[in-house]
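Shown next, in structure tokens, is the structure this report addresses.
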Amino acid sequence: MSDAWLPDDLTVQAFDALHDDLPAWRGAITTLAAKLGSSGVEQVSEGTVLVALLDADRVLKLYPPFLRDHCLFERAALRHLQGRLGLPTPLLLGSGENRDWPYTLISRLPGEVLTPLWPGWPEPSRLTLLRSLGELTVQVQALTGPGLPELVSLAPAWPDFLAQQRQRCLARQQRTGLPPHLLQQVEAFLPAESVAELSAGPWVMLTGEYTPMNLLVQNERLSGMFDFGDGLVGPREYDWLGPLCFLAAGNADRCLAYLSACGAVLDDALRLRLMRLLLLHRYSHLPAQLALPGWQQQPDFLSLARALWP
């Protein structure tokens, strides 16, 4: 496959295997990069789609046909955010399609990905970053204008999305390894009326991110944010889960730093709302997302929520 273009009928499983086999898509990404005027191509193994760094200042993202909706949402999100935040987001430099595979060409931001750096940071720097991240979340969610209706038109309708997530929740949590005693409580914890409760507005742009793998830092300060293809439009708390699970779980000061910057007060009502959204999240996988030791031993979801967000 090194010299040929990519098939347009890949299943999700086949694409995942392709994604992890860099030589298999080297020829395709190099060919497309050449059409875009770049000869320096560095493939990136992380991420949901095929990503390559072009020369020193551009990033090429190539989406499989079944993720066309993610590509369209990301393009709209980049236009919606451009120049409107206190933190840089990539500029949309170009877009197109090559044999049914849509792509975007964006600017490359300065900084390092937060994920490997976070464990070594001193606690004051962590709290400062979480406060900055909360302020950024508020900025994004306050944006209005013509870009927001476009995002609404491109995103799944939130109540329908949530209802589908609820239908699939038990099977997903079983597959991803939720402890058996919690599995037994899932259906009672997520009654049908919870979809309406969790659909209460106002709705905002949800980036799907604010997670360490999509944040860039310099000198222990935020320097950029990227990757919006899996965004949605819905209630603001959905996007609080990234920071509260990956960066703050189990630490009261970190939770307070982020949520106070978001203008929220942590109580059991909010804890339960967050826990329901976590179980219904598009990428819900608690064993991979919760770094809090011993969370599996919590007897019920309220106890788990109190342990995660003290």
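All of the numbers you see were taken from the coordinates with simple rules; none came from a lab. If you're wondering where the values come from, they're calculated on a predicted model, not measured in any experiment. Counting neighbours? That spans all protein chains shown, and the Cβs are built from the backbone with ideal geometry, glycine included.
For the reader, a short list of remarks on this structure follows.
- Contact annotation: residue pairs with Cβ atoms under 6 Å, 6 or more positions apart or on different chains, pairing a residue in the range 41-54 that is under 18 Å from Pro7 (Cβ atoms) with a partner that is of a type outside the set (Phe, Trp, Tyr), are Val49/Lys61; Leu50/Leu62.
- Asp227, sole failed condition from (1) closer than 30 Å to Trp118 by Cα; (2) among the acidic types (Asp, Glu); (3) in contact with a Leu (Cβ under 9 Å, 6 or more places away or on another chain): (3)
- Of the candidates Leu279, Leu241, the single residue that is touching a His at 6+ places or on another chain (Cβ under 8 Å), in contact (Cβ under 8 Å) with a residue 24 or more places away in the chain and closer than 29 Å to Gln164 by Cα is Leu241.
- Taking (1) touching a residue at least 40 places away in the same chain (Cβ under 8 Å); (2) over 25 Å from Gly201 (Cβ atoms); (3) touching a Lys or Arg at 6+ places or on another chain (Cβ under 7 Å) in turn, Leu92 satisfies each apart from (1).
- Whether a residue is more than 30 Å from Ser153 (Cα to Cα) and either buried (at least 21 other Cβ atoms within 10 Å of the Cβ) or without any contact (Cβ under 8 Å) to a residue 40 or more places away in the chain (or both) was assessed, and Arg175 passes this test.
- Here Asp8 clears all of (1) more than 26 Å from Leu109 (Cβ to Cβ); (2) without any contact (Cβ under 8 Å) to a residue 60 or more places away in the chain; (3) within 26 Å of the chain's Cα centre (by Cα) except the condition numbered (2).
- Among residues of the range 67-106, those that are within 15 Å of Ala33 (Cβ to Cβ) and surrounded by 14 or more Cβ atoms within 10 Å (Cβ to Cβ), counted: 8
- The residues of the range 109-129 that are exposed (fewer than 13 other Cβ atoms within 10 Å of the Cβ) and not acidic (Asp, Glu), listed by number, are Pro110, Pro116, Pro119, Gly120, Pro122, Pro124.
- Residue list for the range 21-37, restricted to those being surrounded by fewer than 19 Cβ atoms within 10 Å (Cβ to Cβ), of a type outside the set (Val, Ile, Thr) and under 28 Å from the mean Cα position of the chain (by Cα): Asp21, Leu22, Pro23, Ala24, Arg26, Leu36
Table: residues versus (1) closer than 21 Å to Gly242 by Cβ; (2) of a type in the set (Ser, Thr, Tyr); (3) touching a Gly at 6+ places or on another chain (Cβ under 8 Å); (4) not in a loop (DSSP other than H, G, I, E, B).
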position: Pro116; (1), (2), (3), (4): yes, no, no, no
position: Leu127; (1), (2), (3), (4): yes, no, no, yes
position: Leu130; (1), (2), (3), (4): yes, no, no, yes
position: Val140; (1), (2), (3), (4): yes, no, no, yes
position: Leu148; (1), (2), (3), (4): yes, no, no, yes
position: Pro159; (1), (2), (3), (4): no, no, no, yes
position: Gln167; (1), (2), (3), (4): no, no, no, yes
position: Arg172; (1), (2), (3), (4): yes, no, no, yes
position: Glu187; (1), (2), (3), (4): no, no, no, yes
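The rows are residues; the columns are (1) surrounded by 13 or more Cβ atoms within 10 Å (Cβ to Cβ); (2) under 21 Å from the mean Cα position of the chain (by Cα).
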site	(1), (2)
Pro180	no, no
Glu187	no, no
Pro191	no, no
Ser194	yes, no
Val204	yes, yes
Glu209	yes, yes
Val217	yes, yes
Asp227	yes, yes
Val233	yes, yes
